[in-house]
Structure formats: structure tokens, C-alpha cells
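Colleague: My questions all concern the structure below.
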Amino acid sequence: MKEEESLISLNSDNDIFDKIQQEFISKAISNAEKIVRAFNTKYDGAFDYSIRSLNVLDSLIEDFSDFADFSDEEIIDDFCAQAGSYILEVARRNYGGVYFWEDKMKQPMLKTGLPDFEISILTFEKVKNRIVNGDEDNIPYFFKGFSECVRKAEKGNVVTFG
């Protein structure tokens, strides 16, 4: 299979596709806003969906890992969905993209650059790894790799981060 064959052809006139996108965007924003509402005051309004705000998110994740009850999977998963959605929204607001559902990992993914190239990002597991592994799974470093790949992407490139 050629690289270009895996790129998805999008038809912006497709009402069903547009409706699904709006639903994904709404859910991602809703999850991300939980982080913003809960912690924006504590972090002096830093959760503004800028790439720079991911440094603050990384600090929040580190703080969370210090007191998280690792036996309560529901709390961990909920926090990962919220922080992961925030990262996805930072990516979408800064680079554009389209949401898709990743069945195998049971989480949304953002694909940027369609139809010319396809740079995808998955974040929920990355947040969980940051909680468990510490700084070796640093979120700003991870996002920098994604950002550089998007900026340098050429027609037909297909890369997934996560």
C-alpha cells in the first residue's frame, strides 16, 4: 500500500460527517473545560488552549500523580480523558484537524493536514503514562514532536503520535 492510499478523503458538504465532527468537538471541549474550570484559577488563568499552556497542564498532571489513588481506575481514566481532551483541543485550535474515534484504544484522535497529509495525535494513554512514569513522558516534549511533524509535513506523510 502506498502512503497516500491511507489518507482519508473528506467531503466538507457531507452533513452527517459535519454533525459527527460537531459532536466530537463538543465532547472534547466539554471534557477539556472540566480541567479549565477546576484549575484555571489555581494556575492564574494559564489554561488558554495555547501551546504554552501545556507546560502548566504537565505540572497539573505531576501534582495529580502525587496524590492519585492508583487503585481507583475510574478517577484515573476520568482525569486522563479530561487532560487528554485539553491536549487534543490545543492541537485542534493551533493546527486544525478532524476528530475520529480510535476503536482499538477506545479514545478520540485528531488528524491534522487532511487530505494532503495525515498527522494524528492520541492523548489519553499519554496522560496516563505521564502519571505513572513521571517526567519521562513529559507532555510539552511530546507535543513539540507533534508540532514539528505537522509543520514539516509533506504531501502523503502519515504519522501517529501517542
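Colleague: Using a 1.4 Å probe on the protein chains only, how many percent of the accessible area of the stretch 77-162 belongs to carbon and sulfur?
Modeller: 46
Colleague: Here's a follow-up. So what's the net charge close to residue 78: Lys and Arg +1, Asp and Glu -1, counting the other residues with Cβ under 11 Å from its Cβ?
Modeller: With Lys, Arg at +1 and Asp, Glu at -1, the neighbours total -3.
Colleague: Hey, another quick one. Subtracting the Cα-Cα distance from 0.36 nm times the residue separation, let me have the gained length for residue 104 to residue 50 in nm, one decimal.
Modeller: The span from residue 104 to residue 50 would gain 16.5 nm if fully extended.
Colleague: Pairs 34/126; 111/152; 27/111; 19/128; 19/42; 27/104: which exceed 27 Å Cα-Cα?
Modeller: 19/128; 19/42
Colleague: If you take the beta carbon distance between residue 155 and residue 78 as r and set R0 to 41 Å, what does 1/(1 + (r/R0)^6) give as a FRET efficiency, to the nearest 0.05?
Modeller: 0.55
Colleague: Can you grab the distance from the C-alpha centre of the stretch 91-153 to the C-alpha centre of the stretch 53-73, Å, no decimals?
Modeller: What the calculation gives is 18 Å, centre to centre.
Colleague: Using the heavy atoms of the protein chains alone and a 1.4 angstrom probe, what is the accessible area of the chain per residue in square angstrom?
Modeller: Result: 56 Å² of accessible area for each residue.
Colleague: Under a crude label model (7 Å from the Cα following the beta-carbon direction), how far is residue 42 from residue 18 in nanometres?
Modeller: Distance between label points: 4.0 nm.
Colleague: Next question. Tell me, what is the percent relative contact order of the chain, built from C-alpha pairs under 8 Å that lie six or more residues apart?
Modeller: Across the chain, relative contact order equals 27 percent.
Colleague: With Rg and Dmax of the Cα atoms in Å defined as stated, name the option among (1) 17.1, 56; (2) 15.9, 50; (3) 14.9, 53 computed from the structure displayed.
Modeller: Checked against the structure: label (2).
The values are calculated or read from the model by the stated rules, or taken from the named source; none is laboratory data. Just so it is clear, the structure is predicted and the values come from calculations on it, not from any experiment. Note: ideal-geometry Cβ built from the backbone for every residue, glycine included; neighbour counts use all protein chains shown. All accessible areas refer to the heavy atoms of the entire protein, side chains included, with ligands and DNA or RNA removed. Shrake-Rupley method; radii C 1.70, N 1.55, O 1.52, S 1.80 Å.
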